[in-house]
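Shown next, in structure tokens, is the structure this report addresses.
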Amino acid sequence: MNEQFFPHITQDNNKVALVDACGSHTYDQINSRIEMFAKGLVEDQQDLQEERVAFLLDASLDYVTALHGIWRAGGMAVPLNVASAEAELEHYLSSVGVTRMIAPAEHHGKLNKLCRQLQISLLTMDQVLAQQGSVLPSLSSERPAMILFTSGTTNKPKGVVITHKAIKAQVTTLVDAWQWSDDDVIPLFLPLHHIHGIINILSCALWSGATVHLMPKFNMPDLCSDIITDTYSVFMAVPTIYVKLIDHLEGLDNAQSQAICEGFGRMRLNVSGSAACPVNVFNKWRELTGQVLLERYGMTEVGMGISNPYDGERRAGYVGQALPGVTVQLFDEQDQQVTQEQTPGEIRMKGDNLFREYWNNPKATQETFKQGWFCSGDIAVIEDGYIRIMGRSSIDIIKSGGYKLSALEIEGVLLTHEDISEAAVIGIADDTWGEAVAAYICLRQGAQLGYADLKDWCSSRMSAYKIPKQLKILDSLPRNAMGKVTKPSLK
Ligand code: MLC
Ligand code: AMP
């Protein structure tokens, strides 16, 4: 049974599991609500049979109820970005064949048309909770549990199918490696449509019987007051958050800054991941707070694969070693295993933590596995036993503030602008975002386009974090003899 996967939720437990805008919720309370929700979804069917049920919910008790409720009912949970543009939502919902969507009543107005068009039944939490059902299915761990979207070298995000078994492997590996316990308390302000928030924070905490403070957004002043009062024992964030924290601390007076730094210093663990943590950020964080950041490396398709040690040296600029249960190997361009240190190769992985497939996309699934190894597209070297990420094999993938973005997807949208005749998007180095999206465009004859107009135009067509931060207008894009844009020359 799926319940066994999260023992603290199903056992009698009156400890606080979640704190959200409505108050505190114990494990017992969330368990009853999850069960009621799951039965409401199932009604008299007994098993959702892998139905894709999407939800657009802020970080809250409702979100956790929907996620676990869909799991228990035998469905596939499709958590969506609450800030998606309509065209993005249309792609997510239609590409994986969602049939029901849960969203708060206040969003139904803007979702009605799209859901009608895609024949999706749009529901509130309360509507599902009010429905009756009596039996929940017994699930094999091989059953798919969740679909998350990831950008790649294609122009539309792909649905990554993750099984119950993979979720369990991803979570239990981290719980052991980072020594989670039921005494832990962690803030969760990262988005809940990606594994950093869903697996590393929410699921590891709930698996361990710990407490999660759910916040719909990163809020610097609120977070800092909680840090001063020792609310949390563990902190996990993307490097951009550490950059923003460092900037904030440096702008405060000494006493305020010291109180916050000491608060961070008293925690048992600070983790950085989802993008490279610059060495200067690692060093500055240690200087300010005394915390040696634990940097780890992961991916939507694998969960966490590589981590610096909990006990032992955490090395700046390195992601550490393979996590227990994950086999990591570097391969050269001829698909030969790299056996020597200092020689770069692509990171490939194996293990129970791996995803099952890209939804309805056997070609992409097949291309990403070679001889049973999942090919990450990330290039790394091993130096003195520690893995260092050197970059990615594709220039078309951009990591901005921890979000993975597809240059081709953004170009595709820009090219629908009536004044744009050519577009090339790249990521450029940026102190805050790691990489920032830069757009190089050519305009149709006689057209004019300023940055503010482009930003405004983009805002209804893509999530805000994908909107180019820089715009350069060129007469023509640099191309090679084959007519392909030479993006490295734009960099
Ligand atoms: C926000 N903005 C961004 C951005 N986030 N721009 C580029 N890249 C981003 N990531 C822009 C907004 O569009 C807005 O622009 C301005 O910044 C302020 O927006 P905000 O929402 O108030 O910003 P903030 O709350 O500070 O958000 C920053 C952030 C967020 C770091 C909290 O980006 C974030 O949650 N990132 C984490 C994403 C994540 O979880 N990735 C993990 C993927 S899983 P303007 O112009 O309107 O002011 C994975 C695997 C693994 O990678 O290993 O974990
Ligand atoms: P996503 O597809 O959003 O899950 O992003 C996964 C990608 O994030 C990986 O393929 C890496 O490129 C990148 N990534 C995650 N953690 C790190 C890290 N610690 N250092 C460098 N890159 C990272």
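Please treat every number below as a calculation from the coordinates, not as lab data. Bear in mind that the values here come from a model prediction, so they are computed numbers and not experimental data. When we count neighbours, we look across all protein chains shown, and the Cβ atoms used for this are built from the backbone with ideal geometry, even at glycine.
Between residue 228 and residue 153, the modelled label-to-label distance comes to 5.0 nm, taking each label 7 Å out from Cα in the direction of the beta carbon.
Just to verify a number: FRET efficiency for residue 476 and residue 126, C-beta to C-beta distance, R0 = 45 Å, to 0.05?
Details: r = 56 Å, r/R0 = 1.25.
Efficiency at R0 = 45 Å is approximately 0.20.
When only alpha carbons of the range 398-490 are considered, Rg and Dmax amount to 12.8, 38 Å.
Based on the Cβ-Cβ distance of residue 415 and residue 491, what FRET efficiency does E = 1/(1 + (r/R0)^6) give at R0 = 30 Å, to the nearest 0.05? Calculated transfer efficiency: 0.90. Can you tell me the FRET efficiency between residue 86 and residue 45 if r is taken as the Cβ-Cβ distance and R0 is 25 Å, rounded to the nearest 0.05? Plugging the Cβ-Cβ distance into 1/(1 + (r/R0)^6) gives 0.25.
Specify the longest stretch of the chain that does not include any exposed loop site, a site being one of the GluC sites (Glu not before Pro) with a non-H, G, I, E, B DSSP assignment and at most 15 other Cβ atoms within 10 Å.
Details: sites that count: 43, 50, 142, 313, 333, 341, 418.
Result for the longest clean stretch: 143-312.
The convex hull defined by the C-alpha atoms of the chain has an orientation-averaged projected area of 24.2 nm².
Between the range 82-145 and the range 349-401, what is the C-alpha centre distance in whole Å? If you average the Cα positions of each part, the centres end up 30 Å apart. Between residue 370 and residue 138, the simple label model (points 7 Å from Cα in the Cβ direction) yields a spacing of 4.3 nm. Shape descriptor for the range 9-153: Rg over Rh equals 0.96 (Cα atoms; Rh from the Kirkwood inverse mean 1/r).
Just to confirm a number: summing +1 for Lys and Arg and -1 for Asp and Glu over residues other than residue 375 whose beta-carbon lies under 15 angstrom from that of residue 375, what do you get? Neighbourhood net charge equals -2. Segment residue 183..residue 279, full-extension length gain: 31.5 nm, with 0.36 nm per residue of separation and the alpha-carbon distance subtracted. Full extension of the segment from residue 254 to residue 336, taken as 0.36 nm per residue of separation minus the current Cα-Cα distance, would add 24.1 nm. With coordinates expressed along the principal axes, the C-alpha atoms belonging to the range 415-469 extend over 36, 21, 16 Å, beginning with the largest. Considering helices alone, the calculated mean residue ellipticity of the chain at 222 nm is -9000 deg cm²/dmol, with DSSP H runs of length four and up weighted by -39500 (n - 2.57) and normalised per residue. Residues 28, 182, ranked from the fewest to the most other C-beta atoms within 10 Å, line up as 182, 28. For the listed peptides 449-455, 436-442, 161-167, a ranking on the average number of other beta carbons within 10 Å per residue, highest first, reads 161-167, 436-442, 449-455. Semi-axes of the equivalent ellipsoid for the range 306-429, computed as √(5λ) from the eigenvalues of its C-alpha gyration tensor and ordered from largest down, come to 31, 19, 14 Å.
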